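Reading through the structure tokens given below for one structure.
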Amino acid sequence: MNIFRLCGDLSHLLAILLLLFKIWKTRSCAGISGKTQLLFTIVYTARYLDLFTSFVSVYNSVMKIVFLTASYGTLYLMFYKFKPTYDHNHDSFRILYLIVPALVLSFIIVHVYTVMEILWTFSIYLEAVAIMPQLFMVSRTGEAETITSHYLFALGSYRALYILNWIYRYYTEDFLDWITIMAGIVQTILYCDFFYLYITKVLKGKRLSLPV
């Protein structure tokens, strides 16, 4: 554990809490991509199956349980409790275009050919592109609510901080994992345009809008 990973985890947790707060307070999931949330649920499920087979620390286990519970809870709110508010017309990104390549790649580029390792690798690849349906939805609607923008910024910051964590671990522990690093870089790049708009508009009190 180091400061970059801790801040990354807290940023990730903040993103999830902001999303749940937005949905619960407004009693609506308008502007939120259910497909992105489904992808994140797949990511956490595939990655955290080791919760039942190995123990690292109390912190590690608690965070895994929180992410799993929150992701399934979000799906429940979106597809059941507040289903009438879900904008499925704009949430039209075909997620199979993300799931299938990530699954195939996890069999081609993987450290060890075991079930748990393949699932973990699949989760890393899929997480890198899981935000694409949300960004696609924002581009289709042309704008995003302020709290949704904060959610996306916190989520993007989490991955950017993890890149710093990997750099720190390389210099202090001589640890290097190219799979996570390359996937993290791809994920961060996807946020670049959003980061720019967030800093130049949202932080100045303007509503974030994207070209349709």
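The values are calculated or read from the model by the stated rules, or taken from the named source; none is laboratory data. In this text, all values refer to a predicted model and were calculated from it rather than measured experimentally. Positions of Cβ are backbone-derived with ideal geometry, glycine not excepted, and every protein chain shown enters the neighbour counts. Note: accessible area is taken over every heavy atom of the protein model, side chains too, but ligands, DNA and RNA are not part of it. Shrake-Rupley method; radii C 1.70, N 1.55, O 1.52, S 1.80 Å.
In terms of its C-alpha gyration tensor, the range 21-106 has an oblate overall shape, because the principal axis ratio a/c (a ≥ b ≥ c, square roots of the eigenvalues) is not below 1.5 and a/b does not outweigh b/c.
Between the range 107-123 and the range 76-105, the alpha-carbon centres lie 24 Å apart. Charging the Cβ of each Asp and Glu at -1 and of each Lys and Arg at +1, and nothing else, the dipole of the chain about its Cα centre rounds to 820 debye.
Here the chain has 70 percent of its accessible surface on carbon and sulfur atoms, given a 1.4 Å probe and all protein chains in place. Given q = 0.21, 0.24 Å⁻¹, what are the Debye log10 I(q)/I(0) values for the range 107-156, with equal point scatterers placed on the Cα positions and solvent ignored? Values, matching the q order: -0.74, -0.85.
What FRET efficiency, computed as 1/(1 + (r/R0)^6) with R0 = 22 Å and r the Cβ-Cβ distance, is obtained for PHE55 and VAL112, rounded to the nearest 0.05? After rounding, the FRET efficiency stands at 0.65. Reported value for the chain: 127 Å³ per residue, from the convex hull of its C-alpha atoms.
Solvent-accessible area per residue in the range 1-144 equals 50 Å², computed with a 1.4 angstrom probe and all protein chains kept. In this simple spin-label model, placing a label point 7 Å from the Cα along the Cα-to-Cβ direction at both THR85 and VAL100 gives a separation of 3.5 nm. Label-to-label distance, ARG169 versus ILE185, with points set 7 angstrom from Cα along the beta-carbon direction: 1.7 nm. Can you give the longest run of the chain that contains no chymotrypsin sites (Phe, Trp or Tyr not before Pro) sitting in a DSSP loop with at most 16 other Cβ atoms inside 10 Å? In short, 114-174. Under the simplified labelling scheme, the ILE147-PHE21 pair shows an inter-label distance of 0.8 nm, with each label point 7 Å from Cα along Cα→Cβ.
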